[in-house]
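Novice: Sharing a structure below in structure tokens format, with a few things to ask.
The values are calculated or read from the model by the stated rules, or taken from the named source; none is laboratory data. Since we're looking at a predicted model, the values are computed, not measured. Every residue, glycine as well, gets a Cβ built from its backbone with ideal geometry; the counts of neighbours run over all protein chains shown. Please note that ligands, DNA and RNA were not included when accessible areas were found on the heavy atoms of the full protein model with its side chains. Shrake-Rupley method; radii C 1.70, N 1.55, O 1.52, S 1.80 Å.
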Amino acid sequence: RRGGSLMAFTTAEKLNRQGIPNHAATVIQDAIEGVAGDVSAAIAETPILADGSVNGRPLEARLAESANLLDFYQPTDPSMSAAMNRAIATGKPIDIPYSSTPYELTSTHALPSGAVVNGKGNPTLVANGASQLVFTVTSQTGVTIQGITINGYKDVNPHGSGNRVIGATGSTRVLVRDVRYYNARQGIQFDGGTVDSAILDCFAEDIDGHGVIVRGTDATSRNIVRGLSVEDCLFGVLVTDQANRTEISGCHTKNNGIELVAVTFQSSLNRIENNHAEGCGDNGISITGLMNVVNGNTCYKNAHGGIALYGGLNACTGNVCMSNGQRFLVDAFIGDGITIHYGWGGLAYANTVTGNICGDDQAVKTQRAGINQTANVYTQWAQGQTINAADSSRYRYYGQHLYYATTSGVTGATAPVHTSGAVSDGVVTWQYLWTADPAHGASRNSIKGNIVFDTPGNKFANRLYSIYKQTTNPGANENLPAGWTTATRPAAADYAGMIGFNSTTGLIEWSNGSAWISPSVP
């Protein structure tokens with residue numbers, strides 16, 4: 001207001017008051033008022049202040065910061081794959097906005113170093129190509145895939161080879177975060193020397209294979225799988241073929257086909273911590289390699305054992321294994337809280353099992369023993385045996401050595417005695433694994449300081465035993481220790497660390513090497 005009258009602002013002045021520079025404001029005003037002017041050029045050059053910012057930048061510069069997938073789609077494209085490849089070629093971060101209609105992809109997309117695929121509002125990609133493999137990262141560094149859902153589409157398209165949804169091979173610092181993938185043949189795989197990479201807060205559901213695989217060779221190392229939610233896969237996370245130093249933590253399931261976490265016999269120095277395994281069709285967690293840490297996990301109501309230690313020199317501490325052995329309700333198959341099991345290429349040797357809680361809080365008990373050390377389940381090598389290198393029959397021991405077959409056939413005449421590499425017996429080739437005492441089963445394990453409920457009347461008691469050491473090869477669903485009376489039980493000195501049932505007293509007794517003790521908690 002000037003001198004009592006209202007002051008009229010020109011269009012340019014109004015634009016100036018909004019922070020638009022005078023030259024651009026003048027061009028816009030001239031265009032509006034019919035004077036020649038390029039409005040689009042003026043707008044493109046006009047700095048715009050973002051909310052709370054102090055430095056304005058032109059709209060065109062802002063829009064060019066990333067490649068929006070929709071900007072690269074052409075109406076003649078049969079799917080979004082061409083648009084995805086065009087967006088990747090820009091070298092900019094790719095934004096995929098939410099759409100109520102899923103984006104159909106019909107090919108595999110190779111991501112270069114530094115690539116970022118960023119979902120906005122969790123959009124869904126449908127894999128409808130010859131392979132389910134949506135993204136590959138091969139020998140690249142610093143790639144991020146986040147905020148998307150991938151429908152593997154296996155219920156409609158059977159696909160061909162390479163049926164993973166995301167694969168990283170020989171790469172560094174690959175991050176897969178907040179990705180849900182379902183209805184797929186296979187989940188996410190890190191392999192071929194991938195290091196320092198992570199799969200964080202992802203969701204694997206309805207996967208025919210495994211939710212996550214971290215595999216081979218020894219160079220695949222220092223990777224993280226954290227916060228994975230697993231529903232109806234085989235293994236939730238499988239670490240195999242010499243992969244090592246993997247952290248698997250905070251993962252969980254209440255319904256899974258095999259195990260939440262499995263580490264095979266060639267993998268070592270991995271850490272499996274603070275996971276929740278419930279409702280698995282086998283064990284909750286199984287460890288067959290060497291020098292792994294299994295700490296702070298909860299294993300509850302799994303079909304077989306809570307934790308199975310097949311390997312050696314592993315530390316199993318501070319876990320809760322309750323009410324496992326659920327298969328007992330179906331066909332009386334046995335399952336324990338923690339099983340130190342001599343099989344599947346493992347040694348069951350020199351593990352430390354301490355500070356764990358093993359019991360059963362069900363009205364109908366299913367968990368046979370809190371902690372169980374099994375007898376030998378390996379077969380001694382002999383001439384004329386039929387070997388299938390693809391299944392569990394491939395393991396054999398001879399003398400103090402354990403081997404596995406790398407070829408199939410009927411064993412030849414030369415017994416394996418080598419302590420390194422692979423040697424043929426004349427027909428079957430045998431790879432050396434370990435030297436221990438294969439004929440005697442689980443041995444030299446340190447089991448102490450655990451809470452294992454043994455009193456039958458205790459709400460948390462195991463079905464039969466607190467700690468149990470098998471002295472014979474398991475057969476069918478039996479394998480109970482031979483009963484004895486107070487008068488006929490064997491000398492405690494000859495059975496240190498073993499358990500038996502005293503049929504006179506009705507109590508389970510444990511030998512500390514000098515006396516039989518009941519209750520049977522050392």
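Novice: Go through the residues of the range 111-125 one by one and say whether even a single one is at pLDDT below 95, polar (S, T, N, Q) and more than 20 Å from the chain's Cα centre (by Cα).
Specialist: Scanning the range 111-125 turns up no residue that is at pLDDT below 95, polar (S, T, N, Q) and more than 20 Å from the chain's Cα centre (by Cα).
Novice: Hey, among the residues in the range 346-360 that are surrounded by 19 or more Cβ atoms within 10 Å (Cβ to Cβ) and in a loop (DSSP other than H, G, I, E, B), which one's nearest to the chain's Cα centre (by Cα)? Can you show your working first?
Specialist: So the first thing to find is which residues in the range 346-360 are surrounded by 19 or more Cβ atoms within 10 Å (Cβ to Cβ), and the list is 346-349, 351, 353, 356, 358-360.
Narrowing the set further to residues that are in a loop (DSSP other than H, G, I, E, B) leaves 346-348, 351, 356, 360.
On the way: G346: 20, L347: 23, A348: 23, N351: 22, N356: 23, D360: 27 Å.
By that ranking, first place goes to G346.
Novice: Across the range 86-121, what is the total count of residues that are open to solvent by 60 Å² or more (accessible area, probe 1.4 Å) and not in a loop (DSSP other than H, G, I, E, B)?
Specialist: Residues meeting the conditions: 5.
A quick yes/no check of all residues on (1) in contact with a Ser or Thr (Cβ under 7 Å, 6 or more places away or on another chain); (2) of a type in the set (D, E, K, R):
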| residue | (1), (2) |
| --- | --- |
| N223 | yes, no |
| D232 | no, yes |
| I258 | no, no |
| G281 | no, no |
| G284 | no, no |
| T298 | no, no |
| A303 | no, no |
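Novice: Looking only at the range 73-85, count every residue that is out of contact with any strand residue (DSSP E or B) (no Cβ under 8 Å at 6 or more places or on another chain) and either modelled with pLDDT under 95 or surrounded by fewer than 19 Cβ atoms within 10 Å (Cβ to Cβ) (or both) and tell me the total.
Specialist: Restricting attention to the range 73-85, the residues satisfying the condition of being out of contact with any strand residue (DSSP E or B) (no Cβ under 8 Å at 6 or more places or on another chain) are 73-78, 82-83.
Then drop every residue that is not either modelled with pLDDT under 95 or surrounded by fewer than 19 Cβ atoms within 10 Å (Cβ to Cβ) (or both), which leaves 73-78, 82.
Number satisfying all stated conditions: 7.
Novice: I've got another one for you. Mind checking which strands (runs of 3 or more DSSP E) fall wholly inside the range 429-516 and carry at least 2 residues that are at pLDDT 65 or above, touching a strand residue (DSSP E or B) at 6+ places or on another chain (Cβ under 6 Å) and among the hydroxyl-bearing types (S, T, Y)? Can you show your working first?
Specialist: On the way: elements: 429-435, 446-448, 465-469, 499-502, 507-511.
Once the strands (runs of 3 or more DSSP E) in the range 429-516 are filtered for at least 2 residues that are at pLDDT 65 or above, touching a strand residue (DSSP E or B) at 6+ places or on another chain (Cβ under 6 Å) and among the hydroxyl-bearing types (S, T, Y), what remains is 429-435, 465-469.
Novice: From (1) at pLDDT below 95; (2) of a type outside the set (K, R); (3) in a strand (DSSP E or B), pick out the condition that doesn't hold for Q266.
Specialist: (3)
Novice: Restricting attention to the range 361-376, which residues are in a strand (DSSP E or B) and either open to solvent by 10 Å² or more (accessible area, probe 1.4 Å) or of a type in the set (G, A, S) (or both)? Outline the logic, then answer.
Specialist: Going residue by residue through the range 361-376, those that are in a strand (DSSP E or B) are 369-376.
Those that are in a strand (DSSP E or B) and either open to solvent by 10 Å² or more (accessible area, probe 1.4 Å) or of a type in the set (G, A, S) (or both): A369, G370, Q373, A375, N376.
Novice: Return the pair list, or none, for Cβ contacts closer than 9 Å from residues in the range 317-345 that are part of a helix (DSSP H, G or I) to residues that are open to solvent by less than 10 Å² (accessible area, probe 1.4 Å) and among the aliphatic types (A, V, I, L, M), at least 6 apart or on different chains.
Specialist: none
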